Every structure is written in structure tokens, then in C-alpha cells.
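The values are calculated or read from the model by the stated rules, or taken from the named source; none is laboratory data. A quick note: this is a predicted structure, and the numbers were derived from the prediction, not measured. Cβ placement follows ideal geometry from the backbone for every residue including glycine, while neighbour counts extend to all protein chains displayed. These area figures cover heavy atoms from the full protein model, side chains too; ligands, DNA and RNA do not enter into them. Shrake-Rupley method; radii C 1.70, N 1.55, O 1.52, S 1.80 Å.
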Amino acid sequence: MKNSAYTLVFAATLGAVCAIVLAVPSEMLEPYRRANMEADKVRTILGVLGVPVEKKASSQQLLDSFRSVVKEERRGTLSLYRYLRDEETVAVAVPFSGPGVWGPVEGFLSLSPDLRTVRGITFHKHEETPGLGGEIASERFRKQFIGKTLESISGKAGIRIRPPNSPLADNEVHAITGATMTCNKVEAMLTAVIQRIKEEQNENVK
């Protein structure tokens, strides 16, 4: 019994010590982890807005650049990031997100100042299959969105993702071969955020 009790006490003590040893460094490094996450987000926003940034810029330099030329604002349920140059809006970034096939997808849509035309798009978080759905993050897929309108000729909000090689309208891009489900998910989340943009525009007109 004494040996069993000793073993239990020793195991409990060792477990507590190990937990403390692991917890203390983790707690100390948490501010740095948060700072790196914020810097990654800022770099993504600056990139999709077309703000020139040095590849080796430090986290502080990124934040300083962001604060000097980007204005964050809320418009109803939307978060907007305005890139300003000489007090004029150059581009506006809008975050979007939604479920992918294998996990959440998050990105930013960069738009013209009047929020009618796409200037760029980025997918900074996804868990889609490499070589298939993961190709949404490729430059080849993303470049298709540049210059596309946020609605069809008939005025229906959204960007459609059409089968490869099919004719395209002003608000349509080609899908990725073998990644139909991912493309459908992306189309749905883009349509959702574009509808919110249009709703907010209509509210401001009233």
C-alpha cells in the first residue's frame, strides 16, 4: 500500500511540475503569438489592398504602415479597410468567411472605392486539399477575379464560378478542375458578403 501511495503521489507531483513547466513559457510567449497573428493579418490586408510592403518588414513596421494608410471602419455588419492616399480612397478590403469542404475558409476581397469592382482577392486561411480545392489560394485562380463586377447585368448580386472553358459574364470566373465542391463553397460565401455590401449601399442611399 505504501509503495502504491508513493507512486501515486510521485506521479501527481511530476504531472503538476510538468504542467507548470509547460504553462509558464506558453503564458510568456502568448503576447508574441498574438502580435505575430496580428502582423500576419495586417500583411494580408495590405497585400490585397495593393499597399507596397517590404518582404522583410518587421511586425512593428507592418503595423506602422497599416495605421498610416489604412482606415478601419464599420458599416452595419461589415468591417471595411480603406486604403487612403492623399486622403482619397484607393481601394477597400472586405473580409469574408464560410465553411469549406474540410474546414473554415477566410479571405479578403479588395474592391474599387465605389465597391462595385474587384481589385483583388486572397484566401489566407483554408484546409482544402492541396492540388485541388487548395488551388483557390493560387495566383492563377485569384487573378481571374480582378476587374470582375459584383453583380450580373440584370443586377443580381454575387460572383459566379462557372465550369472551366465556359463563356464568362462580367461577374463570372472559371472553376478549378476537380474542385467543384470547394468552388461552390467559395461562390456561396462571396455571394453572401456581396449581398451585405449591396444592402449597406442601399441603406446609405436612403
Residues in the stretch 166-174: is at least one out of contact with any Asp or Glu (no Cβ under 8 Å at 6 or more places or on another chain), open to solvent by 30 Å² or more (accessible area, probe 1.4 Å), not in a strand (DSSP E or B) and not hydrophobic (A, V, I, L, M, F, W, C)?
yes
If you check every pair at least six apart or on different chains, which have Cβ atoms under 6 Å apart with a residue in the stretch 179-198 that is closer than 12 Å to Pro99 by Cα first and a residue that is charged (D, E, K, R) second?
Thr182/Glu128
Name every residue in the stretch 92-112 that is closer than 16 Å to Ile45 by Cβ and either open to solvent by less than 60 Å² (accessible area, probe 1.4 Å) or without any contact (Cβ under 8 Å) to a residue 12 or more places away in the chain (or both), in order of residue number.
Val92, Ala93, Val94, Pro95, Phe96, Gly107, Phe108, Leu109, Ser110, Leu111
Go through the stretch 58-80 and give me each residue that's touching a Ser or Thr at 6+ places or on another chain (Cβ under 9 Å) and either closer than 14 Å to Ile197 by Cβ or open to solvent by less than 20 Å² (accessible area, probe 1.4 Å) (or both).
Glu73
Matching residues, the stretch 145-159, being within 19 Å of the chain's Cα centre (by Cα) and not in a loop (DSSP other than H, G, I, E, B)
Phe145
Somewhere in the stretch 192-199, is a residue farther than 28 Å from Arg74 by Cα, modelled with pLDDT of 95 or more and touching a strand residue (DSSP E or B) at 6+ places or on another chain (Cβ under 7 Å)?
no
Could you tell me which numbered condition Arg142 fails, if it satisfies all but one of (1) in a helix (DSSP H, G or I); (2) in contact with a strand residue (DSSP E or B) (Cβ under 8 Å, 6 or more places away or on another chain); (3) loosely packed, with under 15 Cβ neighbours inside 10 Å; (4) not hydroxyl-bearing (Ser, Thr, Tyr)?
(3)
Residue check, Ile176 closer than 24 Å to Asn202 by Cα and not charged (D, E, K, R):
no
Regarding the stretch 118-129, can at least one residue be identified that is open to solvent by 10 Å² or more (accessible area, probe 1.4 Å) and among the hydroxyl-bearing types (Ser, Thr, Tyr)?
yes
